[in-house]
1. What net charge do the residues around PHE397 carry, taking every other residue with its C-beta under 14 Å from that of PHE397, with Lys and Arg at +1 and Asp and Glu at -1?
2. Among the listed pairs LYS411/LYS653; LYS362/LYS411; LYS362/LYS652, give every one whose C-alpha distance is greater than 24 Å.
3. Post the alpha-carbon centroid distance, the stretch 300-342 to the stretch 629-659, in whole angstrom.
4. Kindly provide the helix-only [θ] at 222 nm of the chain, computed as the sum of -39,500 (n - 2.57) over DSSP H runs of four or more divided by all residues, to the nearest 500 deg cm²/dmol?
5. Can you give me the % of accessible surface on the chain that is carbon or sulfur? Probe 1.4 Å, all protein chains present, nothing else counted.
6. Under a point-charge model restricted to the Cβ atoms of Lys and Arg (+1) and Asp and Glu (-1), what is the dipole moment magnitude of the chain relative to its Cα centre, in debye to the nearest 20?
7. Multiply the residue gap between ASP141 and ALA83 by 0.36 nm, knock off their C-alpha separation, and tell me the result in nm, one decimal place.
8. My understanding is that a pair violates if its Cα-Cα distance is over 31 Å; which of LYS503/LYS605; LYS225/LYS270; LYS225/LYS344; LYS421/LYS503 do that in this structure?
Amino acid sequence: MSIKGEDGYELWLRYRKVDDPGRLAQYRRVIGSVVILGQGETIEIVRRELERALPALLDSSVPLYGKEPANNALVVGTVDELAAAGLVIPQDRRDRLGEEGFIICAYQHNGSNQLLVTGNSAAAVLTGTFHLLRLLQTYQDIDDLDVVNCPRIRHRLLVHWDNVDGSIERGYAGRTLWQWDELPEKIDVRYHDYARACASIGINGVALNNVNAQATSLTSEYLVKAAALADVFRPYGIRAYLSPIFSAPMQLGGLPTSDPRDPAVAAWWKDKVDEIYRLIPDFGGFQVKANSEGEPGPQDYGANHDDGANMLADALASYGGMVLWRAFVYDVTVDADRAKCAYKEFVPLDGRFRPNVFVQVKNGPVDFQPREPFHPLFGAMEQTPLALELQIAQEYFGQSIHLVYLAGMWKEVLDADTYAKGPGSEVAGVIDRSLYDQAASCIVAVANTGSDRNWCGHHFSQANWYAYGRLAWDHELSAGTIAEEWIRMTWSNDPEIVKTLKKMMLGSWLACIDYMTPLGLHHLMQEGHHYGPDPGFSAAPRPDWNNTYYHRADKEGLGFDRSSTGSNAAGQYYSPLHEQFDNLATCPEEYLLWFHHVPWEHRLKSGRTLWEELQHCYDRGVAFVDEMCRTWEGLEGGIDPQRYRHVSERLKKQQENAREWRRVCTEYFGRFVAW
Ligand code: BDP
């Protein structure tokens, strides 16, 4: 039987018929009918989703919406609605759920069996509904379910670097999804599909515009457009955020200054915030890039980050809005090593931020490289909630051409022990605040979505959007578990296909490091667009915009000396990491050239010299991509031809690119090696 072509638009919400007779029989038995309790826009979305999913998955007409919880019914509603129907969730369980957690459990009522999906809010019921559908899509056992599932992080944002002209900074999947010209009058159906996809993985915040912001986004004309998007997102449990430009009081308000200490400036922001909340009553807040890469900020006036952040935070506080103040700063006058700047600027400010400010920190100290050690700010600001910022868009990962599954990288960061409060002080605990027994927590990721029909450019890049949402909800999930869920929902439940794709995905990140930037190398990409290799690039006006700045190849060796004999960035980490990174003999090899200038003849654990090991890594990376290509060819006929071809073409390019990386880098570095 030939398989129908698919364009990828449906993402992981394809709802194909359950192709396992045993499971199908179980699902039909447990979900004999559906009762949806309550009303409102969110419950309407629940109803529509079940209407779309269940008849398709179960390949039968499931009687929906009987009023009485009959035998073998799926009953969906808030705990209050359920209680009114005589289905009581004990108070202690309710309390554990908070606003967003959900329960999926088997329940007996008047001698009949029900399956309940419930939570304290309608949004929680929606998340629970998507979770149940995920169980069905991945053929899980649903007899005797007792799932109590709460998010570990409170604010889980997808942020868009979208410009008002429709372009996307670092976007590789077409133009922006937001049709600014048509808004607010015309609501593209795609906004709903986008919100639905986000809700299905637990995302509850969306920042609409680029951190390199334009004042236009804050004009009344554009706020009305943003409000129309916020209206679409609201019933999906998603709040809208904006990235304001710090100089807006001058650009829009005609003030002579944007100094945050000037009462007229603060008043201007207060009015702007009041206007926003009149239009968007549940507005989430501001994400701010200030005094970074030329963006205006408080330091332009001799004020500091805390002055700027607190002024905005004060304007937002009475509405419950928050400020995400980015720590992506690297002023050369602060330190000649870019990796050290943010720590040096922000640690002294700990304790000086308002409670509704998060300092938003990228996973590593430089910039979303294929591999970086975790950012030393994690664990170093005990009194300030830090938001972790990840990048789903594959700026430095072959963009939407290379198949690179990023969950392993994100897990590496989340699981890294900062030792801030002794062993067991993982980055995850810093972010979810369990390390400090605090509640405010936030995670952010730069989206990879765009107007391309399949949303993300590469079909496999959808996995990174999916994995981010799942990890943001529960960072204890493994990269493998998430990959497997995604494969089953997106491609197939055939065990062979699942196994094959999972192997490709789980190896793809390490392979990318191998063929691009092995052993702690970083920032070797071509200038500007960051696609392809250019290790010799040294024409930029700033030292740290040159690739030679990062690898420092010379006759003696390779790598950036960030040990105590060099910039001492290693000293920004807690003991014992500090000593471990500082010493060439104990530094983990994956970060070797990040922390050390290593002699070419230095022998690694493998017994190979640095130069031999480098070549070994490039070869291993290329071999993995070769293997992915072969494996993929073996799947022809097993998956739909349209997506098969699309991925095939990109894998071929990835294969060429991986070879190019190896060739260019070995030729270039080889010139320094003393033979
Ligand atoms: C870098 C990007 C640049 C962003 C910047 C940021 O190259 O386009 O504006 O990060 O995060 O990765 O602000």
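1. Details: positive: ARG170, ARG371, ARG650, LYS653; negative: ASP367, GLU372, GLU395, ASP514.
Its environment carries a net charge of 0.
2. Numbers: LYS411/LYS653 28 Å; LYS362/LYS411 14 Å; LYS362/LYS652 31 Å.
Beyond 24 Å between Cα atoms: LYS411/LYS653; LYS362/LYS652.
3. The stretch 300-342 and the stretch 629-659 have Cα centres spaced 44 Å from each other.
4. On the way: 21 runs with 255 residues, N = 675.
Counting only the DSSP helices, I get -12000 deg cm²/dmol.
5. Summing carbon and sulfur atoms, their accessible area is 49 percent of the total for the chain.
6. Working: 66 positive and 90 negative charges, 196 e Å.
Computed charge dipole of the chain: roughly 940 debye.
7. Computed gain between ASP141 and ALA83 is 18.2 nm.
8. Details: LYS503/LYS605 26 Å; LYS225/LYS270 20 Å; LYS225/LYS344 39 Å; LYS421/LYS503 36 Å.
Exceeds cut-off: LYS225/LYS344; LYS421/LYS503.
The values are calculated or read from the model by the stated rules, or taken from the named source; none is laboratory data. What you see is a predicted model; the values in this text were computed from it and never measured. In this analysis, Cβ positions are derived from the backbone assuming ideal geometry, glycine residues included, and neighbour counts consider all displayed protein chains. Heavy atoms of the whole protein, side chains included, go into the accessibility calculation; ligands, DNA and RNA do not. Shrake-Rupley method; radii C 1.70, N 1.55, O 1.52, S 1.80 Å.
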